[in-house]
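Reading through the structure tokens given below for one structure.
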Amino acid sequence: DFHKISQDLGAALSYKPLTPAEPLGLLGFDIGVGGTDTKIKNTDSFKNAGVGDISNIAVPSLRLAVGLPFGLDVGAMAGEVPGTNVRLYGGELRWAFIKGSTVMPAIALRGSYTQLGGVDQLDFNTKGVDLSISKGFALFTPYAGIGKVWVTSTPKNILGATPTEESLSQNKYFVGVNMNLVLVNIVLEADKTGEDTSYGLKLGFRF
């Protein structure tokens, strides 16, 4: 059960891009309010652990990315699961080694990390790497990517029989579209990490 719970948490709490592959450019920025909702696969395992009837995990968040030289972007996010003490912090470093043009798509390599907070019984983090591609068409920039997520899930401060640490990896696939509507930037994204599917939305500004 703990292994299955760790898989679901890895899908829900790993870093979600919510951005295309093309770089922001020097001093460019992307700031917004985002949210992801993950459909949980192993609901019975959460019940067996005494957590309750959980069918999905929603994570609203604040997100910021800043453009650096040489096609590099650095980003950070902070979120909290509503109605709980569960907090999530994360960051990314993305390198668009092909920046894209009017005829060429942008291709980027990303490394990411997230850390769970606010849960005394669990030390949990994820590390990820992915390759993404995007191409702008007027106000719309569709994107897609493939990658890997590594999960480290360690129980602590639990009386009685204590599960052992789980270290696992999951495949990751995602597609999305960025819409720059002059006054506001909107991103829609679908993500498949392991066996769980997540949907994401971000509203903000991108310049």
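Could you tell me whether the stretch 26-38 includes any residue that is in contact (Cβ under 8 Å) with a residue 24 or more places away in the chain, over 13 Å from the mean Cα position of the chain (by Cα) and under 25 Å from W150 (Cα atoms)? The answer is no, given that none of the residues of the stretch 26-38 is in contact (Cβ under 8 Å) with a residue 24 or more places away in the chain, over 13 Å from the mean Cα position of the chain (by Cα) and under 25 Å from W150 (Cα atoms).
Looking at the stretch 15-22, is at least one residue crowded, with 22+ Cβ neighbours inside 10 Å and over 14 Å from the mean Cα position of the chain (by Cα)? Spell out the reasoning first.
Just the residues of the stretch 15-22 that are crowded, with 22+ Cβ neighbours inside 10 Å, to begin with: 15-22.
Checking the rest, the ones that are also over 14 Å from the mean Cα position of the chain (by Cα) come to 21-22.
Checking the stretch 15-22: at least one residue is crowded, with 22+ Cβ neighbours inside 10 Å and over 14 Å from the mean Cα position of the chain (by Cα).
Counting only strands (runs of 3 or more DSSP E) that fall entirely inside the stretch 141-207 and contain at least 3 residues that are under 20 Å from K4 (Cα atoms) and out of contact with any Asp or Glu (no Cβ under 8 Å at 6 or more places or on another chain), the qualifying elements are 166-180, 185-193. Looking across the stretch 34-81 at every residue that is over 27 Å from A96 (Cα atoms), in contact with a strand residue (DSSP E or B) (Cβ under 6 Å, 6 or more places away or on another chain) and of a type in the set (S, T, N, Q), the one that is least open to solvent (accessible area, probe 1.4 Å) is identified as T38. When we screen L93, L139, L122, L72 for residues that are within 22 Å of F29 (Cα to Cα), at pLDDT below 95 and not small (G, A, S), the only hit is L139.
Candidates are the residues of the stretch 147-176 that are under 21 Å from the mean Cα position of the chain (by Cα) and loosely packed, with under 13 Cβ neighbours inside 10 Å; the one that is modelled with the highest pLDDT is N171. The set of residues in the stretch 101-124 being of a type outside the set (A, V, I, L, M, F, W, C), in a strand (DSSP E or B) and either open to solvent by 30 Å² or more (accessible area, probe 1.4 Å) or touching a residue at least 60 places away in the same chain (Cβ under 8 Å) (or both) consists of R110, G111, S112, Y113, T114, Q115, D123. Can you tell me which residue within the stretch 32-57, out of those that are modelled with pLDDT of 90 or more and hydroxyl-bearing (S, T, Y), is nearest to T193 (Cα to Cα)? So the residue we want is T38.
The values are calculated or read from the model by the stated rules, or taken from the named source; none is laboratory data. Since this is a predicted model, take the numbers as computed values, not measurements. For neighbour counting, all protein chains shown are included, and Cβ atoms are generated from backbone atoms with ideal geometry for every residue, glycine included. Heavy atoms of the whole protein, side chains included, go into the accessibility calculation; ligands, DNA and RNA do not. Shrake-Rupley method; radii C 1.70, N 1.55, O 1.52, S 1.80 Å.
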